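> Quick one: structure below, then a few questions.
What follows draws every value from the coordinates through simple rules; no lab data is involved. Predicted model only: the values in this text are computed from it and were never measured. Using ideal geometry, Cβ is built from the backbone for each residue, glycine included, and neighbour counts are taken over all protein chains shown.
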Amino acid sequence: MTSPDSGSRDDALRDDALRSDPLRARLPEDHESRIADHIVRRALMIAPLVIVVSALLGGKKSAIGAFLGVLVVCANFLLSSRLITWSARISPEAVSVAAIGGYVLRIALILLAVVAISGRPSVSIAAFVITVAGMHLGLLFWEMPSLSLTLGAPGLKPDAPLPISQRVSKEEG
């Protein structure tokens, strides 16, 4: 178990590392992961409703399909953001490769999940596919108002307090 001060200690260590390494200080903030984490939090908020509605409409098989669909959607958003964040530390070309290659990989993983689920009599493939498609679109549209689409403040709109590393750099500059 961590102490309450461990988060501030971690922030201080990260801030020291950023100050000591000018190259790391110029790296962009991890906007993709913050957005994906925000989307996944919203997905988890509505997941019980999606599963219950699916159960009411199609029984236990549909509820299991909807549950698996929610898991796939959350994993898809998280994998996408982590790939892009990782590649952004390498080069702009790596971001292009990660975006396109990651898309193909994630579609292949979803297809693999569909194939694996379609052989199971205890899971509704229709509920799975509808959940995956519907939640992807619904969550993206739900997230749109929360995004700041400017170069000055990309990522989520700045309604939350800034991380310590950004506060320190703004105070110094």
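> For the range 69-82, check the following and say yes or no: at least one residue is surrounded by fewer than 12 Cβ atoms within 10 Å (Cβ to Cβ) and of a type in the set (A, V, I, L, M, F, W, C).
Kept after step one, since they are surrounded by fewer than 12 Cβ atoms within 10 Å (Cβ to Cβ), are these residues of the range 69-82: none.
No, every residue in the range 69-82 fails to be surrounded by fewer than 12 Cβ atoms within 10 Å (Cβ to Cβ) and of a type in the set (A, V, I, L, M, F, W, C).
> Next up: Hey, Phe128 hits all of (1) under 16 Å from Arg41 (Cα atoms); (2) touching a Gly at 6+ places or on another chain (Cβ under 7 Å) but one; which does it fall short on?
All conditions are met except number (1).
> Identify, please: which residue in the range 88-119 is surrounded by 14 or more Cβ atoms within 10 Å (Cβ to Cβ) and not hydrophobic (A, V, I, L, M, F, W, C) and is, among those, farthest from Val72 (Cα to Cα)?
Here the answer is Gly102.
> Select, from Ala36, Ala66, the only residue that is crowded, with 18+ Cβ neighbours inside 10 Å, touching a residue at least 60 places away in the same chain (Cβ under 8 Å) and either of a type in the set (Gly, Ala, Ser) or part of a helix (DSSP H, G or I) (or both).
Residue meeting the stated conditions: Ala66.
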